[in-house]
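J.: Below is one structure. I have some questions about it.
The values are calculated or read from the model by the stated rules, or taken from the named source; none is laboratory data. Because the structure is predicted, anything quoted here is derived from the model rather than measured. Glycine also receives a Cβ, built like all others from the backbone with ideal geometry; neighbour counts cover every protein chain displayed. Just so you know, the surface numbers come from the protein's heavy atoms only, side chains and all, with ligands and any DNA or RNA stripped out. Shrake-Rupley method; radii C 1.70, N 1.55, O 1.52, S 1.80 Å.
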Amino acid sequence: MSDFLKFVDDLTGRFPLHMEIYYSKTVDWCIKIWKKGCAEEYPYAEHEGEDVILVKVQDCDMELAFARAQVELKEWMIQFNEGY
């Protein structure tokens, strides 16, 4: 988890984003990362309204959820931002 949070912290200095992390026993661990109002800038990425979704992970295992979120974020950055 700390590696993921350090990576996101470093990234936000040059690539603004929003992140939500929450847990409930109904939906487990959930991590969502998005760029608000940037859907038009990334037409081939997943969208929710005007926002572009970078990461959307749900898992009952906290460590696995954070690991998957880091991998998905890095893959998104490679595909849509020419790297991280």
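J.: Please compute the contact order of region 3-66 in relative form: average sequence separation of alpha-carbon pairs under 8 Å and at least six residues apart, divided by the residue count, as a percent.
T.: Once normalised by length, the contact order is 29 percent.
J.: Give the long-range amide H neighbours of His47: residues separated by 5 or more places, or on another chain, with amide H under 5 Å away, using H modelled in the peptide plane at 1.01 Å from N.
T.: Those lying under 5 Å, H to H, from His47 are Ile53.
J.: Mind listing the phi-derived Karplus ³J(HN,Hα) values for region 29-34, rounded to whole Hz, using 6.51, -1.76 and 1.60 with θ = phi - 60°, and x for any glycine or proline?
T.: Calculated HN-Hα couplings, in order: 7, 10, 10, 10, 10, 8 Hz.
J.: Just the accessible area per residue of the chain, please: how many Å² with a 1.4 Å probe?
T.: 64
J.: Under the classification rounded if a/c is under 1.5, otherwise prolate if a/b is larger than b/c and oblate if not, where does region 1-47 fall, given a ≥ b ≥ c as square roots of the Cα gyration tensor eigenvalues?
T.: Oblate is the answer for region 1-47, as a/c is 1.5 or above yet b/c matches or exceeds a/b.
J.: Let me ask something additional. GNM, the chain, Cα, under 10 Å: largest mean-square fluctuation among Val71, Val55, Val27?
T.: The residue that fluctuates most here is Val27.
J.: Quick check: with the 1.4 Å probe, what order do Thr12, Thr26 take by accessible area, largest first?
T.: Thr26, Thr12
J.: Gain in length, Tyr22 to Met1, computed as 0.36 nm per residue apart minus the alpha-carbon separation, to one decimal in nm?
T.: Between Tyr22 and Met1, full extension yields 6.2 nm more.
J.: On to the next question. Just the number, please: Stokes-Einstein D of the chain in µm²/s, Kirkwood Rh from C-alpha pairs, 4 °C, 1.567 mPa s.
T.: So the translational diffusion coefficient is about 99 µm²/s.
J.: On to the next question. Under the Karplus relation 6.51 cos²θ - 1.76 cosθ + 1.60, θ = phi - 60°, what is the ordered set of whole-Hz ³J(HN,Hα) values for region 18-26, x standing for Gly and Pro?
T.: Result, rounded to whole Hz: 10, 9, 10, 10, 8, 9, 8, 5, 7.
J.: Separate question: Tally Lys/Arg at +1 and Asp/Glu at -1 over every other residue whose Cβ is under 14 Å from the Cβ of Gly83; what's the total?
T.: Combined, the nearby Lys, Arg, Asp and Glu give -1.
J.: Got a sec to turn the phi values of region 55-68 into Karplus ³J(HN,Hα) couplings, 6.51 cos²θ - 1.76 cosθ + 1.60 with θ = phi - 60°, whole Hz, x for Gly and Pro?
T.: 3J(HN,Hα) across region 55-68, in whole Hz: 9, 8, 10, 9, 7, 7, 9, 4, 4, 5, 4, 5, 5, 4.
J.: Quantify, in whole percent, the carbon and sulfur part of the accessible surface of the chain (1.4 Å probe; protein heavy atoms only).
T.: Answer for the chain: carbon and sulfur cover 49 percent of the accessible area.
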